[in-house]
């Protein structure tokens, strides 16, 4: 308002000056500026009279002033074009690549957009994005044996019902949404999956153990399943025996396609392409880095978990339907053998092997290599640092290939870019 009063006053002085100028071009220009200043003065009077803000409501200006404002905006746009080579005015901002990426692609689970139980390099992508673009992906969990009898208390999503009616599982149990092809991705690249948000798509989940599976199959030889209500607003779940669980949802499966030579592989075992990682640290705000083995990368996700303990000892977490928001970023031609991750507070390397000792050894080796590449640490110094302050955590012990992840706090290192640590060195 102060600036507008100043412009109005300036207009009076321009009008007075205009009367003393003999040069027609200058007089015309001054007349144009005086007219604009008069418009501003009228706007000031109107705003002081009736256009003030009352609470959260602003009283509209007279319609002719809105029309005048629009006229000025159009004139400014015309002047910004400067076809005659004149000095350009400030142009109207164009939509940036980052702003375009903010408009997310939505991918819902349907019989046409999911693959049940397997990953395969020959799968046809159900969607395409460019590097830096965002997808909002929903995945459902559970086969017919996992469903509750009481659908009034635990309603089944219509999309889930349609998938169960149209498809059958192959090799594994996980219903995966995708794959999504990333433009320009090639073998030897790295796909960074920025996990922007993870939300519950339904208000219940399930947990079971089954014969011959889990960490203690001899002690628990029978089938048992629990259906557990989820309070999505509070982000808690109520166990049948009364325990209230705090929830931290994440996708158990995040994967690119496996190498073509491997053919169709089960969704159960985590491998170099990611897959059934079941890492409880990969919540919203973290980043997962996956080596690319096929053109397009072919990203899929599923196996929603409301919460999970390290180890996932009885075979399952709180299995549920989730909606994830992912930004997919491509890093060209990097040297990365296995998945890595970053969180706001930590750096993570991951390894998978039927032998837990071998998985631990590989995760530690990868951490030492990453600290050398990204932080310039001598391998012996990195080895000592991991012994003094790092952690080796059991990711899970129930998925065939057991998982171990090595973790180190960021605060123990100088500032390091996420991709410098987790995408591997340039090829």
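The values are calculated or read from the model by the stated rules, or taken from the named source; none is laboratory data. Note that the structure is predicted; figures quoted are calculated from it, not measured. Positions of Cβ are generated from backbone atoms using ideal geometry, with glycine treated the same way; all protein chains shown enter the neighbour counts.
Descriptive notes on the structure:
- Check on residue 131, in the same structural domain as residue 210 (by TED's automatic domain parsing), surrounded by 19 or more Cβ atoms within 10 Å (Cβ to Cβ) and farther than 19 Å from residue 249 by Cβ: yes
- Qualifying residue in the stretch 354-365 (condition: closer than 30 Å to residue 135 by Cα, buried (at least 18 other Cβ atoms within 10 Å of the Cβ) and touching a residue at least 24 places away in the same chain (Cβ under 8 Å)): yes
- Selection status of residue 370, without any contact (Cβ under 8 Å) to a residue 40 or more places away in the chain and assigned to a helix (DSSP H, G or I): no
- Breaking point among (1) farther than 24 Å from residue 284 by Cα; (2) touching a residue at least 40 places away in the same chain (Cβ under 8 Å); (3) part of a strand (DSSP E or B), for residue 226: (2)
- Residue check: residue 100 meets all listed conditions (1) modelled with pLDDT under 95; (2) in contact with a strand residue (DSSP E or B) (Cβ under 9 Å, 6 or more places away or on another chain); (3) within 28 Å of residue 223 (Cα to Cα) but one, namely (3).
- Residue in the stretch 248-265 that is in the same structural domain as residue 207 (by TED's automatic domain parsing), part of a strand (DSSP E or B) and more than 19 Å from residue 353 (Cα to Cα) present: yes
- There is at least one residue in the stretch 244-256 that is surrounded by 15 or more Cβ atoms within 10 Å (Cβ to Cβ), out of contact with any strand residue (DSSP E or B) (no Cβ under 6 Å at 6 or more places or on another chain) and without any contact (Cβ under 8 Å) to a residue 60 or more places away in the chain.
- Residue within the stretch 340-350 that is outside any strand (DSSP E or B), under 21 Å from the mean Cα position of the chain (by Cα) and within 26 Å of residue 174 (Cβ to Cβ) present: yes
- If you check 309, 403, 372 for being under 30 Å from residue 109 (Cα atoms) and surrounded by fewer than 16 Cβ atoms within 10 Å (Cβ to Cβ), only one passes: 309.
- Residues located in the stretch 373-385, provided they are part of a helix (DSSP H, G or I), closer than 19 Å to residue 411 by Cβ and touching a helix residue (DSSP H, G or I) at 6+ places or on another chain (Cβ under 6 Å): 374, 382
- Unique match (being part of a loop (DSSP other than H, G, I, E, B) and modelled with pLDDT of 95 or more) among 297, 237: 297
- Of the residues in the stretch 326-337, not one is closer than 21 Å to residue 274 by Cβ, assigned to a helix (DSSP H, G or I) and in contact with a strand residue (DSSP E or B) (Cβ under 8 Å, 6 or more places away or on another chain).
- Per the conditions (1) exposed (fewer than 14 other Cβ atoms within 10 Å of the Cβ); (2) touching a helix residue (DSSP H, G or I) at 6+ places or on another chain (Cβ under 6 Å), the sole criterion not satisfied by residue 206 is (1).
- Flag for residue 187 being loosely packed, with under 15 Cβ neighbours inside 10 Å and either within 30 Å of residue 354 (Cα to Cα) or in contact with a helix residue (DSSP H, G or I) (Cβ under 8 Å, 6 or more places away or on another chain) (or both): yes
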